[in-house]
Amino acid sequence: MNRQNADPEATRLAALHRCGIFQTPAEQDFDFLTRLAAEICQVPYAFVTFVDQDYVWAKAWHGVEKIAPAARCDDYCDFVIRSGQPLVVHDLCSDPRTASLPPTLDGFRMYAGVPLLTADQQAIGTLCVLDKRAGQPNDHQLELLQSLARQVMALVELRQHKRELEANVHLLERLATTDELTGLMNRRRLMERLSEECARARRFKEPMALVLLDLDHFKQVNDQWGHATGDIVLANTGRLIRETLRETDSAGRYGGEELCLLLPHTELDGAATVADTLCGRLATRSHRTAGAPEYVTASLGVAASSHLEQCHPATLLAQADAALYRAKDNGRNCVVVAQEALA
């Protein structure tokens with residue numbers, strides 16, 4: 001949509017929601033600015049408000065214990081939002097715009113509010129002061145009130161930038177630790193997690209299981225139907241693994257078409273059950289695309305440690321790898337469990 005033809009209120013609301021400040025908890029920095037506004041204007045009440053489509057919500061307040069959201073049509077701040085300019089009403093009872101509004105009927109007599117403006121000049125809220133006596137701030141006080149409003153927006157923008165930075169850091173961390181194709185951990189993160197889980201199992205003397213999964217005849221898939229089809233099969237397999245595992249479990253791409261499942265707090269029998277379930281689901285999960293194979297099976301090898309502080313990554317991997325090769329020797333599309341839990 002052409003920005004010149006955009007609905008001004010929709011544009012303003014979009015700016016408000018981008019800030020991520022609406023209905024967030026109280027903060028001392030905002031409280032300090034409201035108290036300072038009240039002291040500068042020598043009035044008992046001050047508020048930092050943000051205004052959405054229907055409500056005026058206070059982020060900070062001074063002079064009252066608590067303030068509930070108010071209907072926008074019943075609040076003085078609506079006039080500031082609509083004009084985008086400061087508003088001073090020296091006697092609320094004598095102004096026809098404000099005489100019948102609920103705050104006036106509750107005893108307020110003076111209002112002075114300045115808009116909180118984003119960088120693109122969208123009025124998303126107000127910094128306002130009130131009194132139960134008629135009067136008005138002088139020009140210097142009003143100028144300082146506008147300066148404080150800019151400080152309020154500086155705080156809002158600082159928090160917005162912090163959230164964006166944290167989100168970007170989280171995204172970079174995810175990209176650095178996730179295999180793009182399968183959506184599982186990449187090999188580096190997988191090996192880190194395996195070391196962490198084994199260390200935890202040794203410390204608390206808890207069982208730990210590992211499953212190695214290899215897609216059967218995957219080279220033939222790539223050779224016959226192309227690598228794009230092979231990528232689809234790997235992506236579908238990764239999705240199925242994520243759907244099957246518990247929240248405490250994890251999985252990663254060990255290499256090529258070989259995937260690895262980490263099952264903390266799991267005995268050998270429990271891990272075998274997970275592997276059997278996954279083997280059956282893989283055998284019946286359709287990968288059909290144009291000219292692609294409908295089903296691709298997998299071979300799985302299972303190993304587990306005992307409670308005896310003997311959980312080591314290399315040993316678990318070696319046991320699971322040996323079991324995986326026995327599964328292939330047994331005709332593939334099956335699960336083989338290591339001869340016994342590692343002791």
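The values are calculated or read from the model by the stated rules, or taken from the named source; none is laboratory data. Keep in mind that what you see is a predicted model, and the values were worked out from it rather than measured. Because the Cβ atoms are built from the backbone with ideal geometry, glycine has one as well, and the counts that use them run over all protein chains shown. Protein only, heavy atoms only, side chains kept; ligands, DNA and RNA dropped before computing areas. Shrake-Rupley method; radii C 1.70, N 1.55, O 1.52, S 1.80 Å.
Net charge around G270, counting only other residues with Cβ within less than 14 Å of its Cβ (Lys, Arg = +1; Asp, Glu = -1)?
Once positives and negatives cancel, what remains is -4.
Please report the relative contact order for the chain, taking Cα pairs under 8 Å with a sequence separation of at least 6, and give it as a percent rounded to a whole number.
Details: 637 pairs, mean separation 43.5, N = 343.
About 13 percent, as a whole number.
Evaluate the relative contact order of region 162-252 (contact order divided by residue number), counting alpha-carbon pairs under 8 angstrom at least 6 apart; express in whole percent. The partial results should precede the final answer.
Numbers: 49 pairs, mean separation 33.2, N = 91.
Normalised by residue count, the contact order of region 162-252 is 36 percent.
Leaving ligands and nucleic acids out of the surface, order C93, C198 by accessible area at 1.4 Å, largest first.
Result of the area sort, largest leading: C93, C198.
For region 66-76, take each phi angle, set θ = phi - 60°, evaluate the Karplus expression 6.51 cos²θ - 1.76 cosθ + 1.60, and give the result in whole Hz per residue in order, putting x for glycine and proline.
Once rounded to whole Hz, the list reads 7, 9, 8, x, 10, 4, 4, 5, 9, 10, 4.
For region 195-229 and region 11-61, what is the centre-to-centre distance using only Cα atoms, to the nearest Å?
After rounding, the separation between the Cα centres reads 52 Å.
At 1.4 Å probe size, with no ligands or nucleic acids counted, give the accessible surface of L175 in Å², nearest ten.
110 Å²
Can you tell me how much longer the chain between A99 and K219 gets when fully stretched, taken as 0.36 nm per residue apart minus their C-alpha distance, in nm with one decimal?
Working: separation 120, 0.36 × 120 = 43.20 nm, distance 8.05 nm.
The span from A99 to K219 would gain 35.1 nm if fully extended.
Of the heavy-atom accessible surface of the chain (probe 1.4 angstrom), what whole percent is carbon and sulfur?
Summing carbon and sulfur atoms, their accessible area is 50 percent of the total for the chain.
Per-residue counts of other Cβ atoms within 10 Å, averaged by peptide: what ranking do you get for 140-149, 220-229, highest first?
Most protected by this proxy first, the peptides run 140-149, 220-229.
Considering the options Y76, N168, G135, tell which one lies farthest towards the positive end of the dipole of the chain, charges being +1 on Lys and Arg and -1 on Asp and Glu at the Cβ, about the Cα centre.
It is N168, whose Cα lies furthest towards the positive end.
What does the charge count near A71 come to, summing +1 for each Lys or Arg and -1 for each Asp or Glu among other residues with Cβ under 13 Å from its Cβ?
With Lys, Arg at +1 and Asp, Glu at -1, the net is -4.
Using per-residue counts of other Cβ atoms within 10 Å, averaged over each peptide, order 280-286, 46-52 from highest down.
Working: 280-286: 14.7, 46-52: 24.9.
Ranking, from highest mean packing down: 46-52, 280-286.
I'd like the orientation of helix 313-329 relative to the chain: the angle between its Cα long axis and the longest Cα principal axis, in ° from 0 to 90, rounded to 10.
60 degrees
Please give the helix 139-177 orientation as an angle from the longest Cα principal axis of the chain, in degrees from 0 to 90, rounded to the nearest 10.
Once rounded, one gets 0 degrees.
Quick one: check the C-alpha center-to-center distance for region 124-149 versus region 252-269, whole angstrom.
63 Å
Take every Cα pair under 8 Å in region 99-200 that's 6+ residues apart, average their separations, divide by the length, and report that relative contact order as a whole percent.
Numbers: 78 pairs, mean separation 18.4, N = 102.
Contact order relative to length: 18 percent.
With a probe of 1.4 Å, find how much accessible area region 82-168 has per residue, and write the answer as a whole number in Å².
Dividing the accessible area of region 82-168 by its residue count gives 53 Å².
Kindly express, to the nearest 10 degrees and within the range 0 to 90, the angle between helix 268-284's C-alpha long axis and the longest C-alpha principal axis of the chain.
The angle comes out at about 90 degrees.
Based only on Cα atoms, what mean projected area does the convex hull of region 34-185 have, in nm²? Intermediate values should be presented prior to the final figure.
Details: hull surface 46.1 nm².
Hull-based average projected area comes out at 11.5 nm².
Relative to the present Cα-Cα distance, how much length would full extension add between A154 and L36 at 0.36 nm per residue of separation? Mind dumping the intermediate values first?
On the way: separation 118, 0.36 × 118 = 42.48 nm, distance 1.59 nm.
Using 0.36 nm per residue and subtracting the Cα-Cα distance, I get 40.9 nm.
Using θ = phi - 60° and the Karplus relation 6.51 cos²θ - 1.76 cosθ + 1.60, list the HN-Hα couplings for region 29-35 in order, rounded to whole Hz, with x at every Gly or Pro.
4, 6, 4, 4, 5, 5, 5
Determine which lysines satisfy two conditions relative to K328: a Cα distance under 22 Å, and not lying fewer than 8 residues away in the same chain.
K219
In nanometres, what is the gap between the two model label sites at Q339 and V64, each 7 Å from Cα along Cα-to-Cβ?
If labels sit at Q339 and V64, their model points lie 7.8 nm apart.
Could you work out [θ]222 nm for the chain from helices alone, using -39500 (n - 2.57) per DSSP H run of at least four and dividing by all its residues? Round to the nearest 500 deg cm²/dmol.
That calculation yields -15000 deg cm²/dmol at 222 nm.
Just one of [x] 1.00; [y] 1.57; [z] 1.08 is Cα Rg over 2.2 N^0.38 Å calculated from these coordinates, so which is it?
Of the labelled values, this structure produces [y].
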